[in-house]
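S.K.: Structure below; questions to follow.
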Amino acid sequence: MASAPGKVILFGEHAVVYGEPAIAAAIRRRVYVSVEEIATDRIEIESRNLKIRESMRLEKCTRGELEGVSAELKPLWHLCHKMLELHGHPLKHGLRVEIRSEIPESAGLGSSAALATALALALKEIFSVDMSPNDIWNIAFESEKIVHGRPSGIDNTLSLHGGVILYRKGSMKRIRLGQTIPLVVGDTGVSRSTGKMVARVRMLREKYPDVIEEVIRAIGRLSLLSVQALVDGDLEKLGDLMNINQGLLEALGVSSPEISMLVNAARKAGALGAKLTGAGGGGCIIALPAKNAINNVVESIKRVGRDAFLAEIEFEGARIESGGAHG
Ligand code: MEV
């Protein structure tokens with residue numbers, strides 16, 4: 001069994017697609033993938049959360065004949081196919097893949113990247129093949145492209161490495177926090193597609209390039225400014241920067257009435273800053289509560305009828321789990 005964490009983007013979503021820096025943190029909610037050999041010539045994939053179970057002959061998967069699979073499991077079938085194509089089939093029998101997730105889907109918390117990363121690691125382990133972290137990254141990124149179209153790679157980087165990072169397409173740098181930052185996640189409960197939100201920004205950028213490119217650059221600058229605030233543990237400054245970032249995301253057209261409602265509820269209850277996290281259009285917000293305001297912020301989001309929780313930062317990335325304890 002392998003697992004990988006989800007993530008929140010603190011600063012820089014969407015701008016990161018255009019090469020700007022972004023800051024993101026892995027959170028202590030994981031996807032668990034177990035793989036076992038079964039005495040058939042098939043691969044079975046079951047997602048307990050999505051309540052979907054599909055099966056396919058090994059040969060068909062090896063050839064990449066993936067027509068007929070569900071949209072939800074397609075990225076995973078593709079990943080299995082790539083692994084079989086790259087490494088042959090080192091097992092005598094078929095495989096059973098079982099998925100259990102603590103991360104809500106389509107909510108901006110990186111569930112698809114965590115899933116792809118954990119599956120790649122679990123398959124590497126059962127195939128007993130040599131794969132560097134970079135190889136795992138590449139194969140998970142291929143799978144992310146099927147889900148999101150043209151992702152920046154930030155989600156699968158966090159799932160693989162954990163911690164808090166400054167990410168720019170093609171490179172990452174770890175950030176050592178001056179103090180733990182309490183982050184409250186509020187879920188609008190509205191699911192949306194990252195690919196569609198990224199395409200929306202692309203269209204706006206094509207229509208008004210001068211303005212939108214400035215907005216994107218300003219978001220990148222916020223990410224850079226936040227690094228020192230994170231190192232110093234300067235929560236007030238981080239809150240300000242989050243609020244400015246939310247304003248710029250609104251300018252990009254990726255906020256929504258539900259997001260505004262939760263952001264306002266969090267700010268009224270004592271959040272120093274609040275913004276959407278991930279692709280927007282629904283999904284989740286993050287709020288940075290002032291000291292002693294954590295419960296207030298959580299409760300105030302719950303009072304408007306939405307789920308909220310305190311997200312702890314996860315410093316460990318993808319890992320092999322020792323046994324079936326999570327079954
Ligand atoms: C998705 O978590 C973040 C976006 O910036 C898309 C990406 O980076 O691939 C919206």
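S.K.: For residue 104, indicate whether it is in contact with a strand residue (DSSP E or B) (Cβ under 8 Å, 6 or more places away or on another chain) and not polar (S, T, N, Q).
M.R.: yes
S.K.: Another question about this same structure. Please go through (1) buried (at least 16 other Cβ atoms within 10 Å of the Cβ); (2) outside any helix (DSSP H, G or I); (3) modelled with pLDDT of 95 or more for residue 53 and return the number of the only condition it doesn't satisfy.
M.R.: Every condition holds for residue 53 apart from (1).
S.K.: Is there any pair with a first residue in segment 1-25 that is more than 16 Å from residue 241 (Cα to Cα) and a second that is among the hydroxyl-bearing types (Ser, Thr, Tyr) and within 7 Å of the ligand (Cβ to nearest atom) whose Cβ atoms are under 8 Å apart and which are 6 or more apart or on different chains, and what are they?
M.R.: The qualifying pairs are 16/152; 17/152.
S.K.: Also, I was wondering about something else. Do we find a residue being of a type in the set (Lys, Arg) and within 14 Å of the ligand (Cβ to nearest atom) anywhere in segment 254-269?
M.R.: No; the residues of segment 254-269 include none that is of a type in the set (Lys, Arg) and within 14 Å of the ligand (Cβ to nearest atom).
S.K.: Let me ask you something else. What number of residues within segment 69-121 satisfy the criterion of being within 16 Å of the ligand (Cβ to nearest atom), assigned to a loop (DSSP other than H, G, I, E, B) and either closer than 16 Å to residue 145 by Cβ or among the charged types (D, E, K, R) (or both)?
M.R.: Going through segment 69-121 one residue at a time, the tally reaches 2.
S.K.: Among the listed residues 250, 214, which satisfies the condition of being charged (D, E, K, R), exposed (fewer than 14 other Cβ atoms within 10 Å of the Cβ), outside the structural domain of residue 144 (by TED's automatic domain parsing) and not in a loop (DSSP other than H, G, I, E, B)?
M.R.: 214
S.K.: Also, I was wondering about something else. State whether one or more residues within segment 60-74 are within 22 Å of residue 317 (Cβ to Cβ), out of contact with any Cys (no Cβ under 9 Å at 6 or more places or on another chain) and among the aliphatic types (A, V, I, L, M).
M.R.: No, there is no match, as no residue in segment 60-74 is within 22 Å of residue 317 (Cβ to Cβ), out of contact with any Cys (no Cβ under 9 Å at 6 or more places or on another chain) and among the aliphatic types (A, V, I, L, M).
S.K.: Can you go through 114, 71 and tell me which one is under 24 Å from residue 198 (Cα atoms), in contact (Cβ under 8 Å) with a residue 12 or more places away in the chain and not β-branched (Val, Ile, Thr)?
M.R.: After ruling out the rest, the residue left standing is 114.
S.K.: Looking only at segment 87-137, which residues are basic (Lys, Arg) and surrounded by fewer than 17 Cβ atoms within 10 Å (Cβ to Cβ)?
M.R.: Listed by number, the list holds a single entry, 92.
S.K.: Residue pairs, Cβ under 6 Å, 6 or more apart or interchain, first in segment 185-209 and over 21 Å from residue 286 (Cβ atoms), second modelled with pLDDT of 95 or more and part of a helix (DSSP H, G or I). List them.
M.R.: Note: pairs meeting the criteria are 204/212; 205/212.
S.K.: Follow-up question, since we're still on this one. Under the condition of being closer than 25 Å to residue 281 by Cβ and among the β-branched types (Val, Ile, Thr), which residue from segment 100-149 is nearest to the chain's Cα centre (by Cα)?
M.R.: 103
S.K.: Since residue 201 meets every condition but one in (1) near the ligand (Cβ under 10 Å from one of its atoms); (2) in contact with a helix residue (DSSP H, G or I) (Cβ under 7 Å, 6 or more places away or on another chain); (3) in a helix (DSSP H, G or I), which condition does it not meet?
M.R.: For residue 201, the exception is condition (2).
S.K.: Turning to a different aspect of this structure: Would you call residue 231 in the same structural domain as residue 199 (by TED's automatic domain parsing), touching a residue at least 60 places away in the same chain (Cβ under 8 Å) and surrounded by fewer than 21 Cβ atoms within 10 Å (Cβ to Cβ)?
M.R.: So residue 231 fails the test.
S.K.: Go through segment 1-30 and count every residue that is buried (at least 24 other Cβ atoms within 10 Å of the Cβ), more than 15 Å from the ligand (Cβ to nearest atom) and not basic (Lys, Arg).
M.R.: 2
The values are calculated or read from the model by the stated rules, or taken from the named source; none is laboratory data. Quick caveat, the model's predicted, so the values are computed rather than measured. Cβ sites come from the backbone with ideal geometry, for glycine too, and all protein chains shown count toward neighbours.
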